[in-house]
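Nothing in this text is a laboratory measurement; each read-out follows from the coordinates by a stated rule. Note that the structure is a prediction, hence the values are computed from the model and not measured. Cβ atoms come from the backbone with ideal geometry, glycine included; neighbour counts cover every protein chain shown.
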Amino acid sequence: MSLKPTTATINESSPRAADWQKVFGSLEVQIKSPASHLVNILDEPKEAYFLDLDSLTEKQMTRLVSHIAWKFHVLQSVVERDLKERGCPILAEDVIVSFDLRLVV
């Protein structure tokens, strides 16, 4: 029996929920770990999870890169590089995380 992926489901009232639906086609994505990390987002420390980029389809990844480039006014090549080097944080305040309890046994 295999472990189920760790997922983050965005709160539908989040201002980012519509973006998730547009980019991922879902309000749920796979994340790397159920443990959050303190990250610096726009010069402010925030708790975040990291998107499992390997779980995305090619179309989802293309939409993610385009969306981030548009939102933050940066080149897509810069976004692609940064995603590979730094990953993609997901604000903990926006999501509910679920994971297979066998991960903690």
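Please determine, in degrees from 0 to 90 and to the nearest 10, the orientation of helix 76-86 with respect to the longest principal axis defined by the Cα atoms of the chain, where the helix direction is its Cα long axis.
30
Quick one: net charge around Ser36, please, counting Lys, Arg +1 and Asp, Glu -1 for every other residue with C-beta under 13 Å from its C-beta.
Numbers: positive: Lys32, Lys46; negative: Glu47, Glu93, Asp94.
Result for the neighbourhood of Ser36: -1.
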